[in-house]
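Colleague: Got a structure for you, questions after.
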Amino acid sequence: MELFHALNRGVDKRTIFMDERDNTRFVHDLYEFNDASPAINMKYHIAGKKSQSGPGRRPATKKRIVDIHGWCLMKNHYHLLLSEVIEGGMSLFLRKLNVGYANYFNERHKRTGTLFQGRTKKVLIEHDSHFLYILHYIHLNPLDFRTGARKWREGTIDDIASALTHLKKYRWSSYLDYCGEHNFPSVVTMDLFSDVFKNYESDLRKYVGSFKISEAPNNLE
């Protein structure tokens, strides 16, 4: 099995998740388009009509094409941690996901043209050190929204407890599911990391606990 970190952002770094409705829609698409069947209902959904399936209700005929081991939505980009279930599944899934969400977004926000900057970048996770870090990296991205925690990639943070609280309040990632809270459990597959992180919340807390403490103001934006 090969594991990939897939990421894409809005063209010209534009915002692609304008509000909670857009976030919810993308998470729904993570579920809906993870299927070997053609996306024949794509146009049906972009009109805003109710889906006949969705997170929490997986039809018996649905056949996954990828496993989503982790994910996070930011304002102008997304992160996914993927492995293929069927040959060619990753390319098929990402194409359906990007096209389907772009169709929805353009119709809802009355725009035309390309939404994403190009083909989704896929980084192969080749080394153990990368494997042990990548899930933390994806889940820590929402710290970019905290003024005093934006240097987390450099191992510096203002307040560890507040940063962890911020992550627990951020719904748009797989972090809550890994912490044992059912957020979007039908989207994410957690088996791959179950032997590595026995208690994921505790393990992430230990990892963040190794950061240097800065004197940055502790406030949210």
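Colleague: Pairs to check: K75/K206; K62/K169; K62/K96. Give those whose C-alpha atoms are more than 23 Å from each other in this structure.
Modeller: Table pairs above 23 Å Cα-Cα are K75/K206; K62/K169.
Colleague: Between K198 and M1, with labels modelled 7 Å along Cα→Cβ, what's the label distance in nm to one decimal, could you check?
Modeller: Calculated label separation equals 2.1 nm.
Colleague: Determine the dipole magnitude for region 95-221: charges of +1 sit on the beta-carbon of Lys and Arg, -1 on that of Asp and Glu, nothing else is charged, the reference point is the Cα centre, and the result goes in debye to the nearest 20.
Modeller: On the way: 19 positive and 15 negative charges, 141 e Å.
The dipole of region 95-221 has a size of about 680 debye.
Colleague: Could you size up the charge dipole of the chain around its Cα centre, putting +1 on the beta carbon of Lys and Arg and -1 on that of Asp and Glu, and report it in debye to the nearest 20?
Modeller: Charge dipole of the chain: 960 debye, to the nearest 20.
Colleague: On a 0 to 90° scale, report how tilted helix 89-108 is relative to the longest principal axis of the chain, with both axes built from alpha carbons and the result rounded to the nearest 10.
Modeller: Taking the Cα atoms of the chain, the angle to 89-108 is about 80 degrees.
Colleague: Can I ask one more? Collect residues whose amide H, placed 1.01 Å from N in the peptide plane, falls under 5 Å from the amide H of F116; neighbours closer than 5 in sequence don't count.
Modeller: Placed amide hydrogens put V11 under 5 Å from F116.
Colleague: Place +1 on the Cβ of every Lys and Arg and -1 on the Cβ of every Asp and Glu in the chain, take the dipole about the Cα centre, and give the residue among M190, I65, V11 whose Cα lies farthest towards its positive end.
Modeller: After comparing all options, I get V11.
Colleague: From Cα pairs below 8 angstrom and at least 6 apart in sequence, can you work out the relative contact order of the chain, rounded to a whole percent?
Modeller: The value is 27 percent.
Colleague: Among the aspartates and glutamates, which fall within straight-line cross-link reach of K110, defined as a Cα-Cα distance under 19 Å, with same-chain neighbours fewer than 8 residues apart omitted?
Modeller: Of all the aspartates and glutamates, those that pass the test against K110 - Cα under 19 Å, at least 8 places apart if same chain - are D12, D19, E20, D22.
Colleague: From the backbone phi of region 166-176, what are the Karplus-calculated ³J(HN,Hα) couplings (6.51 cos²θ - 1.76 cosθ + 1.60, θ = phi - 60°) in whole Hz, Gly and Pro given as x?
Modeller: Values per residue, Gly and Pro as x: 4, 5, 5, 8, 8, 7, 8, 7, 8, 4, 4 Hz.
Colleague: Rounded, prolate or oblate: pick one for the chain, where a ≥ b ≥ c are the square roots of the eigenvalues of its C-alpha gyration tensor, a/c under 1.5 means rounded, and failing that, prolate if a/b is larger than b/c, else oblate.
Modeller: In terms of gyration-tensor shape, prolate.
Colleague: Using θ = phi - 60° and the Karplus form 6.51 cos²θ - 1.76 cosθ + 1.60, what ³J(HN,Hα) does each residue of region 117-127 get, whole Hz, x for Gly and Pro?
Modeller: Computed from phi, the couplings for region 117-127 are 6, x, 5, 5, 6, 10, 10, 6, 8, 9, 10 Hz.
Colleague: Subtracting the Cα-Cα distance from 0.36 nm times the residue separation, let me have the gained length for V99 to E154 in nm, one decimal.
Modeller: Residue separation times 0.36 nm, minus the Cα-Cα distance, leaves 16.4 nm.
Colleague: How far is the Cα center of region 1-31 from the Cα center of region 155-219, in Å?
Modeller: 19 Å
Colleague: Moving on. Once fully extended, how much extra length lies between H127 and M18, figured as 0.36 nm per residue of separation less the alpha-carbon to alpha-carbon distance?
Modeller: 35.7 nm
Colleague: Taking θ as phi - 60°, what are the ³J(HN,Hα) couplings along region 3-12 by the Karplus curve (6.51, -1.76, 1.60), each to the nearest whole Hz, with x for Gly and Pro?
Modeller: My calculation for region 3-12 gives 10, 10, 8, 9, 8, 8, 9, x, 4, 6 Hz in order.
Any read-out appearing in this document is the output of simple, stated calculations on the displayed coordinates, not a laboratory observation. Here the structure is a predicted model, which means the values were calculated and not measured. Every residue, glycine as well, gets a Cβ built from its backbone with ideal geometry; the counts of neighbours run over all protein chains shown.
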